[in-house]
Amino acid sequence: MIEATLWNRRGALAALGFGAGALALAGCRGGGEKVLRVGSQKGGTKALVLASGVLEGAPYRVEWSEFPAAQHLLEALGSDAVDIGLIGDAPFLFAYQTGKPLKAVAARVSHPRPAGILSILVPGASPVYKPADLKGRKIVTGRGSIGHFLALKVFENAGIKPGEAELIFMTPSDAAAALRSGAVDAWSTWGPYVPTGQAAGDRILADGSDLFDACSFDVVHENVLRDKPDLLVDFLAREARAMEWRKAHVADYAKVLAKETGLPLPIAQATAERSLVVDGPVTPELVARQQGILDTFVRAGALEAKRPVADGYVLTSQLPKA
């Protein structure tokens, strides 16, 4: 019998040390037991998989670790502290170009990107009413995050050149506090942080839904392809079933999301409604489109292109068969 959640295990939550709020739900791996270590961002994979029940009958145990943002999850993946995690396209490419031993093995796509799931927020009373007003302002986000990428795209479209707006990099909790205190003028963020900010009186200045397609990837440490291919393929199939389940069970998912994250139920409901994602193949065409994301970071001087984009992806046709 698989242990899908670790809240019934003995022992306390152990801090992984990859950034504030990153917690590992640790477990033993004795007696030849098969274990897949899955990382989840706040409001992400863990809540969906638990709500859907797709792990029932899996021939391995899932060991969950939770992180506040993609950067922290990517650090854990890169150091082989977790096996797999769902990451936005931009933060994966950013981390891959820094040399981390990672591969993207499955695509999770929204058609179209739901409005309000990736946005630049400003306080309700802010004098900033259009993207061009961000010139000369301070915008907070996570370095290498999907919020970072959104800010750069918004700057480009508004004619704001590199250096004409100040980007400040913080964790989501620190970013929210900075916006509340007036230390920054805007926050480029994602997921549950958007409806949470709106509930606190913030308004959406710019939304990513009309700027680019939504695509995330299941990312693994390279060792997983060698050491746990059977567990990997099985988990990807179960995760895809969970995404199908979610389409007809938004309210059920929202309840588990609220329980797992501590979000108020209305915020969890709004998050669940805004972020419907489906399984999609990793194809040469999809990989080729990722070059544009890397080019955006490079043009802004945020990153150097040191590795071929295509080398970071495993095509669906190249994965082991279940």
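None of the figures in this text is laboratory data; all of them are computed from the coordinates on show. What you see is a predicted model, and the numbers here were worked out from it, not measured in a lab. Counting neighbours? That spans all protein chains shown, and the Cβs are built from the backbone with ideal geometry, glycine included.
Taking 0.36 nm per residue of separation and subtracting the Cα-Cα distance, full extension of the segment from Lys34 to Ile204 would add 56.7 nm.
Using C-alpha pairs below 8 Å separated by at least 6 residues, the relative contact order for segment 139-220 is 37 percent. Seen against the Cα atoms of the chain and their longest principal axis, helix 229-247 is set at about 60 degrees. The string of couplings for segment 300-306 from the Karplus curve (6.51, -1.76, 1.60, θ = phi - 60°) is 7, x, 8, 7, 9, 7, 10 Hz, one whole number per residue in order, with x for Gly and Pro. Remark: spin-label model distance Ala132-Asp252 equals 5.0 nm, labels positioned 7 Å along the Cα→Cβ axis. For segment 195-231, backbone nitrogen atoms closer than 16 Å to the point 7 Å from Arg180 Cα along Cα-to-C-beta are found at 195-203.
Site pair Asp213 and Glu166 shows an inter-label distance of 3.8 nm when each label is modelled 7 Å from Cα along Cα→Cβ. In terms of surrounding Cβ atoms within a 10 Å radius of their Cβ, Phe235, Phe217 rank from fewest to most as Phe235, Phe217. So between Val233 and Gln291, what do we pick up on full extension, going 0.36 nm a residue minus the alpha carbon distance? Net length gain for the segment: 18.3 nm. In terms of the mean number of neighbouring beta-carbon atoms within 10 Å, the peptides 151-157, 294-300 order highest first as 151-157, 294-300. The angle between the Cα long axis of helix 172-181 and the main principal axis of the chain comes to about 30°, on a 0 to 90 degree scale.
A simple spin-label model places the labels of Glu222 and Asp80 1.1 nm from each other, with each point 7 Å out along Cα-to-Cβ. On a 20 Å Cα-Cα criterion, which of the cross-link pairs Lys42/Lys255; Lys138/Lys161; Lys42/Lys130; Lys42/Lys321 come out too long? Violating the 20 Å limit, Cα to Cα: Lys42/Lys130; Lys42/Lys321.
Along each principal axis, taking the top coordinate minus the bottom one, the Cα set of the chain gives 60, 42, 36 Å in descending order.
Within segment 118-210, antiparallel bridges make up roughly 55 percent of the DSSP beta bridges whose residues both belong there. Placing +1 on the Cβ of every Lys and Arg and -1 on the Cβ of every Asp and Glu, with no other charges, gives segment 106-163 a dipole of roughly 100 debye about its Cα centre.
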